[in-house]
Amino acid sequence: MQDRYGHRISYLRVSITDRCNERCTYCMPQELQEWLPREEILTFEETLRIVGIAAELGVSKVRVTGGEPLTRRDVVHFISQIPKIPGIRSLGLSTNGTLLARQITAGKTMAMALREAGVQSLNISLDTLHRHVYSQITGRDFHAQVLDGIDAAITVGFDQIKLNAVLMRGRNEDQLIPLTEFAASRNLIVRFIEMMPVSTTEVLSEDNFMSILEAKRLIESVYGSLIPETEFRTSGPASYYQIPGRGQRIGFIGAMTNLHFCESCNKLRLTCDGKLRPCLGSYLEFDIMKPLRGGATDEELKQFVLDVVDRKPEQHDFRNNYKPGRKMVAIGG
């Protein structure tokens, strides 16, 4: 699939729930959240059908997201079905990490079950190594569980584990070096991400915004000039660098300040309530649940997906006084 601007679509991010066991300020900043009723959520069978249709159109990578995807019942069985879909070659999962070390059967952690189900890569959120600050950011005292979850994931041996840290001035600018050292000690990639206006308008302000350029400068003040790795790519928009003298790789994701951020975009998003979104930073979303439950054929659903791809914008609207229509937790991380 290719849109009118030359974006080649090969990546589908699949949200399976709007529910989460944390309340991160940049994702779902209100304690009272009206969860979607079960009948308004795609069933696993419906989701797998859409993934299969997308695979026939050229999607080869799927990332399962939430909310927190590991809060949904029978998630491991669902995930185990995705690698069986012809054409899917890469399967990842984004998580806050709080449930990875949980014992789901005797001697088996959630991390182990996910690896056995075919998950190859994990993205784990970790904005700070300070327990108190973590509780302030997430609204929950789950810091120890996250660290245990990271270690459980390392033990299992995923192909790749990336730590994602959202930059927040006044909250975690002092954590850039500790997080970099933490990642180095566990041979993980850490990525620093600019905050985006994806929950409420008030979440992002000049006072709390920190750019990736400033983060990079702070890191270079300790380690020296970072070495660009222009040939290294994951499936997303991160720019990667090596720390001189140690070969450690770190990444930066700058949706707000990188004017070329959208040029290599290759993804669609499927929300848990059956909306296809061609861009995170756009109001555009299209209800595929309605034709799906209305008896549409696979060919009709394929055309639906192609029509959505054709509507994909050239770039996001985040820099144009964007006012979010939905919280991030309802879109999919």
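A few remarks follow.
- Against the conditions (1) free of Cβ contacts under 8 Å to residues at least 40 places away in the same chain; (2) out of contact with any Phe, Trp or Tyr (no Cβ under 9 Å at 6 or more places or on another chain); (3) in a helix (DSSP H, G or I); (4) within 21 Å of residue 26 (Cα to Cα), residue 170 satisfies every one except (3).
- Any chance residue 225 is at pLDDT 95 or above and surrounded by fewer than 16 Cβ atoms within 10 Å (Cβ to Cβ): yes
- Tallying residues that are of a type in the set (Val, Ile, Thr), over 22 Å from residue 62 (Cβ atoms) and at pLDDT 90 or above within the range 232-290 yields 2.
- Residues that are modelled with pLDDT of 85 or more, part of a helix (DSSP H, G or I) and touching a helix residue (DSSP H, G or I) at 6+ places or on another chain (Cβ under 8 Å) do not occur anywhere in the range 194-203.
- Comparison of 59, 64 shows that the only residue that is at pLDDT 95 or above, surrounded by 20 or more Cβ atoms within 10 Å (Cβ to Cβ) and in a loop (DSSP other than H, G, I, E, B) is 59.
- For residue 128: the one exception among (1) surrounded by fewer than 20 Cβ atoms within 10 Å (Cβ to Cβ); (2) modelled with pLDDT of 95 or more; (3) in contact with a Phe, Trp or Tyr (Cβ under 9 Å, 6 or more places away or on another chain): (1)
- Matching residues in the range 96-145 - criterion: being within 17 Å of residue 159 (Cβ to Cβ), out of contact with any strand residue (DSSP E or B) (no Cβ under 6 Å at 6 or more places or on another chain) and either polar (S, T, N, Q) or not in a loop (DSSP other than H, G, I, E, B) (or both): 111, 112, 114, 115, 116, 117
- Of everything in the range 131-163 that is charged (D, E, K, R), in contact (Cβ under 8 Å) with a residue 24 or more places away in the chain and closer than 14 Å to residue 96 by Cα, the residue that is surrounded by the fewest Cβ atoms within 10 Å (Cβ to Cβ) is 151.
The values are calculated or read from the model by the stated rules, or taken from the named source; none is laboratory data. Quick caveat: nothing in here was measured; it's all calculated off a predicted structure. Because the Cβ atoms are built from the backbone with ideal geometry, glycine has one as well, and the counts that use them run over all protein chains shown.
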